[in-house]
Structures are given as structure tokens and as C-alpha cells.
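The values are calculated or read from the model by the stated rules, or taken from the named source; none is laboratory data. Note that the structure is predicted; figures quoted are calculated from it, not measured. Glycine also receives a Cβ, built like all others from the backbone with ideal geometry; neighbour counts cover every protein chain displayed.
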Amino acid sequence: MANILVAEDEPDIRELVAFILRYAGHVVTTANHGEEAVRLAEQMIPDLVLMDVRMPRMTGYDACRAIKANPAIQHVPVVFLSAKGQENEVQAGLMVGAEAYLLKPFAPDQLTERIEAILAKYGKVNQKGSSLGGLRKA
């Protein structure tokens, strides 16, 4: 189980992503926009931030920059989830410090597999979602 912050301005997508991740065994906190995502990340220090690129008040790119500029949370992996899949958008996301750039629409199992792989890379969970510091159950 990991603590995941989901930032998405579209309520239906935000709730769908939160549902999928909760079903996979994670604790999910949601934010409506980039500013709220940065504030919540500073308060809760999540294991991973999953956010849209285009949001009001602060874009995902700017929120990622703010997270990566803060020594207390700069280690937290940021993953973009966006319908904007042009190569320049993906490169911009990676250049501001994102770990990955996932595209909408997505299949729920593909989303959870990618998130689990990123969490495992950072030693947060095993592939089944159990907190084991990167180790797997025998």
C-alpha cells in the first residue's frame, strides 16, 4: 500500500483514477488543481504524485517544478497523466522532473501496473501492493 496524491481538475477522471488506485490497495488523496497538489504534497509527503498537465491555477508542469524545488518532497516521484501526448509535451514533462508520462485514455490494469512498477523502483511497494521496502513476498 502506498500513499498516492492524485491531482486532476476533471471530477469524473479524478474520482475514476482514485477508485482504481484504491481498488489496487493504495491510500489516495485528491487535489483539484496544481496549487492544491503542491500544498497537499508538502503536508502529507506522498509516495507518488499522479497529476494532469492542464489544470487551473497552476499547471502540472509548474506543480512538478515546485515539488522538485522543495528539499522535503523533491524525492517524491511525479507521474503525469494527460491526453496531451505529443512528443514535445512528453519531453516537457520529463524535463521538469517527472518520472513518467502516461496517456489518457488508459486501461485500469495498465495504469496500476505502471504505478506499481514506479513505486517498486522507489522501494515503496512490491507488485502486489504490500509495503515491503521493494522486497517481494515469498
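Note on region 64-94: residues that are aliphatic (A, V, I, L, M) and out of contact with any Phe, Trp or Tyr (no Cβ under 9 Å at 6 or more places or on another chain) amount to 7. In region 102-113, the residues that are closer than 9 Å to Ala24 by Cβ and in a helix (DSSP H, G or I) reach residues that are among the small types (Gly, Ala, Ser) and modelled with pLDDT of 95 or more with C-beta atoms within less than 7 angstrom, at least six apart or across chains, in these pairs: Thr112/Ala24.
The single condition among (1) closer than 22 Å to Ala117 by Cα; (2) out of contact with any Ser or Thr (no Cβ under 6 Å at 6 or more places or on another chain); (3) crowded, with 17+ Cβ neighbours inside 10 Å that Lys68 does not satisfy is (3). So Tyr101 passes all but one of these: (1) hydroxyl-bearing (Ser, Thr, Tyr); (2) within 13 Å of the chain's Cα centre (by Cα); (3) surrounded by fewer than 16 Cβ atoms within 10 Å (Cβ to Cβ). Which condition number does it fail? With respect to (1) hydroxyl-bearing (Ser, Thr, Tyr); (2) within 13 Å of the chain's Cα centre (by Cα); (3) surrounded by fewer than 16 Cβ atoms within 10 Å (Cβ to Cβ), Tyr101 is out only on (3). The set of residues in region 35-68 being among the charged types (D, E, K, R) and part of a loop (DSSP other than H, G, I, E, B) consists of Asp47, Asp52, Arg54, Arg57. Restricting region 44-64 to residues that are closer than 22 Å to Ala117 by Cα and of a type in the set (D, E, K, R) leaves a set whose member that is surrounded by the fewest Cβ atoms within 10 Å (Cβ to Cβ) is Asp47. Among the residues of region 86-101, those that are assigned to a helix (DSSP H, G or I) and hydrophobic (A, V, I, L, M, F, W, C) comprise Val90, Ala92, Leu94, Met95. Only one of Ala83, Ala7, Ala41, Ala37 is within 22 Å of Asp109 (Cα to Cα), buried (at least 22 other Cβ atoms within 10 Å of the Cβ) and either free of Cβ contacts under 8 Å to residues at least 40 places away in the same chain or under 14 Å from the mean Cα position of the chain (by Cα) (or both); which? On inspection, the qualifying residue turns out to be Ala7.
Residue count for region 19-34 satisfying the condition of being under 11 Å from the mean Cα position of the chain (by Cα) and either part of a helix (DSSP H, G or I) or under 14 Å from Leu111 (Cα atoms) (or both): 1.
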